Amino acid sequence: MSENRHATWGELLRDAVEKPGRMLEAYTAFHNYSFGNALLALEQCVRRNLQPGPLNTYRGWLERKRHVRKGETGITLCMPMPFKRTARVDDTEEEPAEPQTRHAFRFRAYWFVLAQTEGEETYVAPIPGFDLNTALGNLHITRIAFDEINGNIQGFARQREIAVNPLAALPHKTTFHEVAHVVLGHTSSEKLVDGELIPRHLREVEAESVALICCETLGLDGAEFCRGYIQHWLKTEKEITSHNAARIFAAATSILKAGIAAAFVSGSPLQ
């Protein structure tokens, strides 16, 4: 990959799936940022032989009494750029509608890692903990009793409710998988049931990818099973598009942020 081209979301997801430990490494170094941006920053650090670490803008480092070394190139992240857009109005309205603020996402090289700077010592925030009940509460998702007769079914999701089989082989993985279905919008009009043999469908790949990110990031059992399924799907079906990868990263970010809300800095780039 050339120095000037950043990886696509699809490339980042495939790389993370194929390299165990990559997601945990990204989260450890860049947990204040969205998960897609964390992987994006890590990929650039690895490619440019930079030590992953705290990120800040040029001005942000100056405020912390550090300066970016001469000749350093910024780390590219995806950030929302606000713009004004006039809403459509009916011909019968006497006054035009007020312009509405929208956001377009752009890649900008505004950030530098600690290894690119010099100056006083800087404080590195500890990696926060994660609480599943807090996440479910913030996401407005309710756990309900598992009432399926089929014992092979590991869990299901409907509307904003999830249920996990008390005998599920990997309850954490199944829980994140079902939560992902809700966050991804898969359950808006139907009940989704997941057995041990997951259907080869993109919805399942999205949910399983989110479960992989959450399990590996938090050091929970199940990541290897998620990885095996996704790798098999990639080999036998097709690539995960950058659009779907961006949805996966955004959903994982939402879940992790909901469980550790204080750890995400307001105003940080989000994809």
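The values are calculated or read from the model by the stated rules, or taken from the named source; none is laboratory data. Here the structure is a predicted model, which means the values were calculated and not measured. Using ideal geometry, Cβ is built from the backbone for each residue, glycine included, and neighbour counts are taken over all protein chains shown.
Could you please let me know if Glu178 is surrounded by 19 or more Cβ atoms within 10 Å (Cβ to Cβ), in contact with a strand residue (DSSP E or B) (Cβ under 7 Å, 6 or more places away or on another chain), among the acidic types (Asp, Glu) and at pLDDT 90 or above?
Numbers: surrounded by 19 or more Cβ atoms within 10 Å (Cβ to Cβ): yes; in contact with a strand residue (DSSP E or B) (Cβ under 7 Å, 6 or more places away or on another chain): yes; among the acidic types (Asp, Glu): yes; at pLDDT 90 or above: yes.
The answer is yes for Glu178.
Does Glu196 satisfy the criteria of being modelled with pLDDT of 95 or more and more than 25 Å from Gly21 (Cβ to Cβ)? Steps first, answer last, please.
Working: modelled with pLDDT of 95 or more: no; more than 25 Å from Gly21 (Cβ to Cβ): yes.
So Glu196 fails the test.
Being modelled with pLDDT of 95 or more and part of a helix (DSSP H, G or I), is that true of even one residue in segment 139-154?
Checked segment 139-154: no residue is modelled with pLDDT of 95 or more and part of a helix (DSSP H, G or I).
Failed condition for Ala135, given (1) at pLDDT 90 or above; (2) assigned to a helix (DSSP H, G or I); (3) loosely packed, with under 12 Cβ neighbours inside 10 Å, with all others met?
Unmet for Ala135, out of (1) at pLDDT 90 or above; (2) assigned to a helix (DSSP H, G or I); (3) loosely packed, with under 12 Cβ neighbours inside 10 Å: (3).
Within segment 104-124, take every residue that is of a type in the set (A, V, I, L, M, F, W, C) and surrounded by fewer than 11 Cβ atoms within 10 Å (Cβ to Cβ) and give me the one that is nearest to the chain's Cα centre (by Cα). Full working, then the answer.
Filtering segment 104-124 for residues of a type in the set (A, V, I, L, M, F, W, C) gives 104-105, 107, 109, 111-115, 124.
Okay, now just the ones that are also surrounded by fewer than 11 Cβ atoms within 10 Å (Cβ to Cβ), so 104, 124.
Working: Ala104: 18, Val124: 22 Å.
In this case the residue turns out to be Ala104.
Can you list the strands (runs of 3 or more DSSP E) found entirely within segment 57-132 that contain at least 1 residues being modelled with pLDDT under 80? Walk me through how you get there before you give the answer.
Details: elements: 66-68, 75-86, 99-113, 117-119.
Because the criterion is at least 1 residues that are modelled with pLDDT under 80, the strands (runs of 3 or more DSSP E) in segment 57-132 that meet it are 75-86, 99-113.
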